[in-house]
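*Asks:* My questions will all concern the structure given below.
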Amino acid sequence: MMSDYTGDVTPGGPAAVRDLTHLTVSKASVGPMDNNAYLLRCKADGTQVLIDAANDAAMLLAQVGSSLAAVVTTHRHPDHWQALSEVVSTTGAASLAHADDASGIPVVTSTLRDGDTVAVGDCSLEVIHIVGHTPGSVVLAYRDPAGTAHLFTGDSLFPGGPGRTRNPRDFGSIMTDLETKIFGRFPDDTWFYPGHGRDSTLGTERPAIPEWRARGW
């Protein structure tokens, strides 16, 4: 594992590990579509939650070890759940996803709604429903007691703009949700971790919002 977190990972390569006040974030890239999978571990009691069991179950299970409380799937697109069934069956972890995407995910044991929380030991993730990339996409927000917020955005937000949408209505929806629920609520130093590729901060991306609106994608 890399000890100095950069957020830069390659498929099948070592995880990038970020050490927060009460939580450890391990980011790995898996599969042919360079999907990011994030393993969160509570420092107080070792509870672990995986965000997107996207691919390469063997690699993810080796990273998880002997105990996994839950897997949260950020949305229903298949590249984000290829390893889900094997990870859940091997570990006995709960499988969580938003109710509006649950039917498109192979195993879901409990559904999520906007404003729900997912516990990672004594840490907590807020579920933020972002409609547009899919009907049930979610962003998971962790507020570090040190002051910085951390967002796991799936395919709803990337450096350079929102996730892909199929029509103007979906684009309008994702942009409105991002502007009101993400950029409107969290400060510039908020770090976000997308479903593919490199991380960024809201402050880096915020000036480009009018450009995203104007271009329509």
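*Asks:* Applying the selection to segment 162-174, what residues are surrounded by 14 or more Cβ atoms within 10 Å (Cβ to Cβ) and part of a helix (DSSP H, G or I)?
*Replies:* D170, F171, G172, S173, I174
*Asks:* Mind checking which residues of segment 137-156 are without any contact (Cβ under 8 Å) to a residue 60 or more places away in the chain and in a strand (DSSP E or B)?
*Replies:* Of everything in segment 137-156, those that are without any contact (Cβ under 8 Å) to a residue 60 or more places away in the chain and in a strand (DSSP E or B) turn out to be A141, R143, A149, L151.
*Asks:* All but one of (1) surrounded by fewer than 22 Cβ atoms within 10 Å (Cβ to Cβ); (2) closer than 24 Å to L23 by Cβ; (3) within 18 Å of the chain's Cα centre (by Cα) hold for H150; state the number of the condition that does not hold.
*Replies:* (1)
*Asks:* Every residue in segment 95-106 that is within 18 Å of D116 (Cα to Cα) and in a helix (DSSP H, G or I), please.
*Replies:* Answer for segment 95-106, where residues must be within 18 Å of D116 (Cα to Cα) and in a helix (DSSP H, G or I): just A102.
*Asks:* For V9, indicate whether it is among the β-branched types (V, I, T), crowded, with 19+ Cβ neighbours inside 10 Å and closer than 26 Å to A146 by Cβ.
*Replies:* Against the criterion (among the β-branched types (V, I, T), crowded, with 19+ Cβ neighbours inside 10 Å and closer than 26 Å to A146 by Cβ), V9 qualifies.
*Asks:* Name the one entry in D177, D188 that is surrounded by fewer than 17 Cβ atoms within 10 Å (Cβ to Cβ) and not in a strand (DSSP E or B).
*Replies:* Going through D177, D188 in turn, just one is surrounded by fewer than 17 Cβ atoms within 10 Å (Cβ to Cβ) and not in a strand (DSSP E or B): D188.
*Asks:* Looking at segment 172-193, can you tell me whether even one residue there is of a type outside the set (V, I, T), touching a residue at least 60 places away in the same chain (Cβ under 8 Å) and out of contact with any Cys (no Cβ under 6 Å at 6 or more places or on another chain)?
*Replies:* yes
*Asks:* Consider S200 carefully, then state whether it is in contact with a Leu (Cβ under 9 Å, 6 or more places away or on another chain) and among the small types (G, A, S).
*Replies:* Taking the combined requirement at face value, the residue satisfies it.
*Asks:* Scan G92, G132, G104 and give me the residue that is on the phi > 0 side of the Ramachandran plot, over 15 Å from the mean Cα position of the chain (by Cα), crowded, with 17+ Cβ neighbours inside 10 Å and without any contact (Cβ under 8 Å) to a residue 60 or more places away in the chain.
*Replies:* Residue meeting the stated conditions: G132.
*Asks:* Residue under question is T74, and the condition is that it be polar (S, T, N, Q), closer than 22 Å to Y142 by Cα and surrounded by fewer than 16 Cβ atoms within 10 Å (Cβ to Cβ); does it hold?
*Replies:* No, not satisfied.
*Asks:* If I filter segment 20-65 down to residues being polar (S, T, N, Q) and over 14 Å from G195 (Cα atoms), which single residue comes out as surrounded by the fewest Cβ atoms within 10 Å (Cβ to Cβ)?
*Replies:* Only one residue fits best here, namely T21.
*Asks:* Within the set of pairs 6 or more residues apart or between chains, which connect a residue that is at pLDDT 95 or above and among the polar types (S, T, N, Q) inside segment 157-169 to a residue that is part of a loop (DSSP other than H, G, I, E, B) and buried (at least 17 other Cβ atoms within 10 Å of the Cβ) with Cβ atoms less than 7 Å apart?
*Replies:* Close Cβ pairs (under 7 Å, with a partner that is part of a loop (DSSP other than H, G, I, E, B) and buried (at least 17 other Cβ atoms within 10 Å of the Cβ)) amount to T165/G132; T165/H133.
*Asks:* Further question on the same structure: Has segment 202-211 got any residue that is free of Cβ contacts under 8 Å to residues at least 60 places away in the same chain and under 16 Å from the mean Cα position of the chain (by Cα)?
*Replies:* Within segment 202-211, one or more residues are free of Cβ contacts under 8 Å to residues at least 60 places away in the same chain and under 16 Å from the mean Cα position of the chain (by Cα).
The values are calculated or read from the model by the stated rules, or taken from the named source; none is laboratory data. Predicted model only: the values in this text are computed from it and were never measured. Heads up, the Cβs are rebuilt from the backbone with ideal geometry, glycines too, and the neighbour counts pull from every protein chain shown.
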